[in-house]
1. Between segment B:121-178 and segment B:271-286, what is the C-alpha centre distance in whole Å?
2. Find how much the distance from B:Thr98 to B:Asp37 grows on full extension, using 0.36 nm per residue of separation minus their present alpha carbon separation; answer in nm with one decimal.
3. Put a dot 7 Å past each Cα toward the Cβ at B:Val137 and B:His254; how far apart are the dots in nm?
4. Whose amide H sits under 5 Å from the amide H of B:Asp37, counting only residues 5 or more places off or on another chain, with H placed in the peptide plane?
5. Give me B:Ser30, B:Ser64 ranked fewest to most by other Cβ atoms within 10 Å of their Cβ, as a rough exposure proxy.
6. Across segment B:146-156, in residue order, what do the Karplus-derived ³J(HN,Hα) couplings come to in whole Hz, using 6.51 cos²θ - 1.76 cosθ + 1.60 with θ = phi - 60° and x for Gly and Pro?
7. Which value in Å does the Kirkwood hydrodynamic radius of chain A take, with 1/r averaged over all unlike C-alpha pairs and then inverted?
8. Where Rh is the Kirkwood radius over the Cα pairs of segment A:234-276, the temperature 25 °C and the viscosity 0.890 mPa s, what D in µm²/s does Stokes-Einstein return?
Amino acid sequence: MARSTDQRRQRHQWLVHLVLLVLSAAFLFPLVWLVSTALKPIEETMRQPPTIIPSSFQWHNFRDAFVYGSDKLGYIPFLVYGRNTLLLCILGVAGVVVSNSLVAYAFARLKWPGRDILFAATLATMMIPFPVLMVPIYGFWRSLGWIGTFKPLWVPAWFGNAFSIFLLRQFFRTIPFELSEAARIDGCSEWGIFRQVVLPLAKPALAVVALFHFMYTWRDFLGPLIYLMDQRTFTLSLGLQFYQSQHGGTQWHLLMAASTIVVAPVIVLFFFTQRQFIQGIAVTGIKG
Amino acid sequence: MRSQTRTALLFASPWFIGFSLFLAYPVVASLYYSMCDYSVLRPPVWVGMHNFRNLMKDEVFWISLKNTAIYAGMALPLGMATAIALALLLNTKVRGMTIYRTIFFLPSLVPTIPLAVLWLWVFNGEHGILNEVLRRVGLPAPNWLSDTAWSKPALALMALWGAGNAMVIYLAGLQDVPTEMYEAAELDGAGWWARTRNVTLPFLSPVILFNGIMGIIGTLQVFAEPYVMFPGGSPARSTYFYTMYLFDNAFIYHKMGYACAMGWIMFLIILVLTLVALRVSEKHVHYQGG
């Protein structure tokens with residue numbers, strides 16, 4: 001009796017593996033195709049039947065797609081776009097970590113009038129779609145003369161955002177309050193408790209917030225599309241879209257090479273921070 | 001205690017500025033602009049409900065709304081079902097679960113624009129790999145990018161590839177299902193499907209509801225993918241979605257007041273759909289210990 005259930009379970013396991021393998025192939029294939037095309041000579045991209053492993057690896061496709069002023073692409077300075085994107089990511093991530101840890105500390109570990117109402121309002125704002133806010137925010141930056149600069153894309157990060165405040169607040173509250181009390185009795189200031197007690201324990205949560213904002217800035221398209229005018233200030237996403245709209249449908253090998261270089265850093269980052277990533281995403285859903 | 005209030009306000013001060021400047025002010029201002037003729041270049045002029053009345057008569061508005069509804073009707077249920085199915089499969093204590101999880105999750109990391117560019121190539125009518133595969137197995141190979149019947153399914157299919165993100169949320173939710181419940185069900189002779197239907201899905205329902213609502217909000221704002229893949233909502237405006245028309249009104253036609261009115265209608269639609277989802281779920285959502 002027990003034996004037959006075991007056998008059934010084993011057969012069942014094989015079936016699950018088979019389904020998972022087929023699905024894995026389907027999910028991985030577009031990525032394989034991306035890199036494969038990126039390495040092909042242009043004639044091979046159109047060859048029938050298509051080849052998955054390029055007959056010869058054209059590593060120079062990456063250089064051709066990226067070097068400023070390569071004759072094949074015209075003047076698409078992807079290297080400059082990469083620098084711009086990285087700059088925005090660094091300024092934004094720094095702002096998000098600094099501002100939200102301060103604000104979340106006030107929400108999680110201090111008592112003040114109006115705290116709970118403002119927190120409820122903060123959560124409620126996560127429902128408001130960006131297109132509702134887009135026009136007045138654009139008008140605001142315009143009145144400061146900041147359209148065409150990077151500032152609208154990173155300055156707001158220094159003033160907190162609902163999602164990060166929520167995530168950090170939840171985490172800060174799990175840190176034992178006795179630790180703060182003990183530090184207070186020892187004559188530690190609130191700033192001292194924040195810096196020396198809470199922040200060191202909150203590193204995993206801060207990493208998640210930093211990671212998410214990096215990803216957000218790296219993939220953001222609507223923001224750069226609205227605020228950036230001069231080609232030299234474009235980000236990778238905007239630059240890639242611009243290039244695609246100018247030369248799309250012909251040089252697929254170079255387009256895929258450029259796309260690969262936009263995708264690769266994110267994948268690499270994921271492999272180094274897998275745990276934080278998966279946990280961070282899981283948290284976003286569970287509290288709903 | 002007074003000094004703690006002062007310290008707290010100091011800590012929270014970035015958010016006082018952020019909340020007022022980037023949320024409270026824009027909400028109020030956009031409501032005001034939605035009742036104005038406003039082009040950013042000149043000061044707004046009050047026109048009352050004029051923008052809303054015009055929208056009701058605007059054929060393109062209705063086309064974009066209909067396109068968005070049809071697309072959401074395809075992408076949302078399909079995406080949720082796929083994500084739940086993947087999570088359930090991975091939750092069978094199968095060996096190598098973390099590797100499979102990584103594989104399914106990876107595509108959702110691909111940023112929007114390279115995603116759209118890659119799928120333009122995959123969907124390519126002549127040399128696209130998808131049609132090559134379809135032809136090989138004897139299925140029809142549609143013109144994904146230029147046939148009005150296939151442009152929306154193409155976008156929905158592409159969105160499916162990103163189901164890994166929701167899958168991770170469902171998987172986390174599945175860890176909360178108490179194992180005793182499974183064991184009890186198994187002792188009662190319940191098969192896999194019966195256990196899934198009567199134990200797993202009820203426990204997962206709050207997460208499903210959350211993902212559903214976030215999905216509605218996200219799908220109504222779909223913009224960048226069609227913007228890249230189907231310029232101007234081609235073919236024949238079949239992919240001209242709500243947010244694209246809103247964007248064009250704001251930044252191409254400089255009808256900022258009109259765009260704000262569209263934004264508020266979108267917000268109302270989201271509110272109503274969310275309330276409906278909550279109401280419907282009252283019967284079906286099971287909160288633990290609640």
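Quick note: the coordinates plus some simple rules give every number you see, no bench work behind them. Being a predicted model, the structure only gives us computed values, none of them experimental. Counting neighbours? That spans all protein chains shown, and the Cβs are built from the backbone with ideal geometry, glycine included.
1. 29
2. Details: separation 61, 0.36 × 61 = 21.96 nm, distance 5.49 nm.
Taking 0.36 nm per residue and subtracting the Cα distance, the gain is 16.5 nm.
3. 5.2
4. B:Val45, B:Trp46, B:Val47
5. Least crowded to most crowded, the residues run B:Ser64, B:Ser30.
6. 10, 10, 4, 6, 10, 5, 6, x, 4, 5, 5
7. Working: mean 1/r = 0.0439 Å⁻¹.
It works out to 22.8 Å.
8. On the way: Rh = 11.5 Å.
Estimated diffusion coefficient is 213 µm²/s.
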